[in-house]
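In what follows, a single structure is set out as structure tokens and then discussed.
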Amino acid sequence: MNKNKNKNTGFNGTESELVAMTRDLDELHHDVGMPAMWEGVSSMIDNLRDAPAVRSTNRRTFLMGVGGAVAGSAALLSVGLNPLHAGAATIQKPSPKSVLRSAAFPPAGLKGDLAVAAVAASLENLAVYAYSAGLSAATAGKLGTVPPAVATFATTALAQHTQHAQAWNAVLAANGKAKVTEVNPTLAPTVNADFAKVTNVTGLANLALTLETIAAETYQAETAMLSSAAAIGLSSSIQPVEMQHIAILYYVLGEYPGAQTTGGATLAFSPINQAV
Amino acid sequence: MNVDPRALNELLEESQDLQADALRPTRDALDELVDVNCSGAETDAHENLAFHEGHRRGVFTSLASAPLLAAAGGLTLVGALASSAAAASSQDIQILQTAASIENLAVATYKTALTLPYIGSSSANAVVNKFARVTMNQHAQHADAFNAAARALGGKIQTKPDPAFVPVVNKAVASLSGASAAQGTLGVVGLALELENIAAETYVKDTVLVRSSTNKALFASIMGVEAQHVAVLLAVQALLNAGAPQLISLAPGTAASLPAAAGSVGFPNAFYKTNSAAPATQGAVK
């Protein structure tokens, strides 16, 4: 197919086949994927409990220190969310308390793998927020015509990020720590500002692409930094899924559907320069 | 629309503009272990592929010259079966060699697929054609990276394909004999999908199994790329099965025409599974 010639004729009469295929995959996911996920989370919890010591990470002090840098701009998200899509976390609206918690993010007492879990949960919450807000805006007609595939993408990605957040929060809860319900305070202000500028599907897809890239690269970077095998396994089971989100987003945007530079050069190895 | 997603990047530490920058994590990781004598090739796909194939020419000559995949059924890759077995080297070396063997098989498969008119010719779908070429080169780079890491640990490089999966490839290849373009494309996509998923699942598992953090980083930098291959192939397969090959396109407006289900068919699981992962020593050098 010539990229320069748009000969698309739409989709004629075979939607049911794709729907059936997706249904099968969804059933497979719930039959196989979810039990496997919770098994993995349980394993991680057990391993963290048994871990004699948490290895400190010298890779950027972001896990412990970013709070101070962003405290002044840690007012969290005020956009109303569609309650149907706010599954993983109750996104905090601005309040003195939430700002205080953000300033201390990750919460004091979380070190090593548990601190990483908190950051991961906050990134997933941010993704949940962004997709929820995007779907709400779409429903309200603020993004113009939304292609059905884009809506399905957003809905499915939102559900998966919800599960990712739940997994990390299950780890925290099992270790006697509070669940992370706030969005990542480092990125939230900028995401909020960018989201306010979104007026169409392309803008939303680009914002989602950025968030997915940050998440994927963060998980990738942490794979070599986490101490427990179970934590590595959980992180590694999520990173490829974020990468898949990225591939489909590129496709929707009409760009090559794979890892690439901002200039569009394809990459055989995923970078980590956008990891937080 | 005035969104500037790059505003987020102001929070980030490094430029993302250059290919060299993007490759730095992997290169730095390897540098810790090995005197990388193929570092120049990493930045050039063609040179890299040539380097890669220099090690494999003896294995894949007949496959490369086969006019049709059908002609290769059972002949080319089966010969490698006897030469791979459990190795006595360290666990990381064996895992790296197994990964290289999977990459070798993928390279051979894509290379052969590109000899088929409905994949490799100018009449083929442009997206599918580019995907096959780019992906083949990426697998060649992955193989070289795994082999460099294995060699740095004192192991041998793996130049042969994973023996356990060779019969699968051969069977699939044989099934393409006499296939129409549509059937053949679906067959190739299905085979590639299976190989890519095995690679992705294996590397997800390997990030846990390997002991060196450097090797963990290497596997982590590749597993997501393989998962992206899977996502693309799932989407392509779904559109082909639905009789909508015209939507396998990067042309403007395509997204608006895609069926709703196409938006999610590429990522069926919230957590990447590992039940199809290759055993760690399956492709180790004897």
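The values are calculated or read from the model by the stated rules, or taken from the named source; none is laboratory data. Source: prediction; values computed, not measured. Here Cβ is always computed from backbone atoms with ideal geometry, including for glycine, and neighbour counts include all displayed protein chains.
Hey, among B:ALA284, B:ALA277, which residue is touching a strand residue (DSSP E or B) at 6+ places or on another chain (Cβ under 8 Å) and more than 7 Å from every other protein chain (Cβ to nearest Cβ)?
From the options B:ALA284, B:ALA277, the qualifying one is B:ALA284.
Of all residues in region A:210-225, count the ones that are touching a Ser or Thr at 6+ places or on another chain (Cβ under 6 Å) and farther than 16 Å from B:ILE222 by Cα.
Total meeting the criteria: 1.
Quick check on my filter: what residues within region A:146-160 are of a type in the set (Val, Ile, Thr) and within 7 Å of chain B (Cβ to nearest Cβ)?
Listed by number, the residues that qualify are A:VAL150, A:THR152, A:THR156.
Please specify each residue of region B:231-274 satisfying the condition of being among the β-branched types (Val, Ile, Thr) and more than 7 Å from chain A (Cβ to nearest Cβ).
Passing the criteria: B:VAL236, B:THR274.
Could you list, in sequence order, the residues of region A:223-238 that are in a helix (DSSP H, G or I), surrounded by fewer than 24 Cβ atoms within 10 Å (Cβ to Cβ) and more than 8 Å from chain B (Cβ to nearest Cβ)?
Listed by number, the list holds a single entry, A:ALA230.
Residue by residue through region A:199-222, note down the ones that are crowded, with 24+ Cβ neighbours inside 10 Å and part of a loop (DSSP other than H, G, I, E, B).
Matches in region A:199-222: none.
Of the residues in region A:259-276, how many are in contact (Cβ under 8 Å) with a residue 12 or more places away in the chain and more than 7 Å from every other protein chain (Cβ to nearest Cβ)?
The number of residues fulfilling the criteria is 2.
Just name the residue that is surrounded by the most Cβ atoms within 10 Å (Cβ to Cβ) out of those in region B:237-271 that are in contact (Cβ under 8 Å) with a residue 24 or more places away in the chain and not in a loop (DSSP other than H, G, I, E, B).
Only one residue tops the list, namely B:ALA262.
When only residues in region A:244-258 that are under 14 Å from B:LEU247 (Cα atoms) and not in a loop (DSSP other than H, G, I, E, B) count, which is farthest from the other protein chains (Cβ to nearest Cβ)?
Across region A:244-258, the extreme among qualifying residues is A:TYR251.
Taking the condition within 9 Å of chain B (Cβ to nearest Cβ), more than 26 Å from B:ALA227 (Cα to Cα) and surrounded by 24 or more Cβ atoms within 10 Å (Cβ to Cβ), does A:VAL241 pass?
no
Tally up the residues in region B:149-175 that are crowded, with 23+ Cβ neighbours inside 10 Å, out of contact with any Phe, Trp or Tyr (no Cβ under 9 Å at 6 or more places or on another chain) and either within 12 Å of B:ILE93 (Cα to Cα) or of a type in the set (A, V, I, L, M, F, W, C) (or both), please.
Qualifying residue count, region B:149-175: 4.
How many of the residues making up region A:156-188 are part of a helix (DSSP H, G or I) and in contact (Cβ under 8 Å) with a residue 24 or more places away in the chain?
18
Looking at the structure I just gave you, is B:SER221 among the hydroxyl-bearing types (Ser, Thr, Tyr), in contact (Cβ under 8 Å) with a residue 12 or more places away in the chain and either at positive phi or part of a helix (DSSP H, G or I) (or both)?
Considered against the rule, which asks whether it is among the hydroxyl-bearing types (Ser, Thr, Tyr), in contact (Cβ under 8 Å) with a residue 12 or more places away in the chain and either at positive phi or part of a helix (DSSP H, G or I) (or both), B:SER221 comes out as yes.
So which of B:THR76, B:THR112 ends up being crowded, with 19+ Cβ neighbours inside 10 Å, over 18 Å from the mean Cα position of the chain (by Cα) and either under 17 Å from B:LYS160 (Cβ atoms) or at pLDDT below 50 (or both)?
B:THR76
Determine, yes or no, whether B:ALA220 is touching a Leu at 6+ places or on another chain (Cβ under 6 Å) and either facing another protein chain (nearest Cβ under 10 Å) or small (Gly, Ala, Ser) (or both).
Answer is no for this residue.
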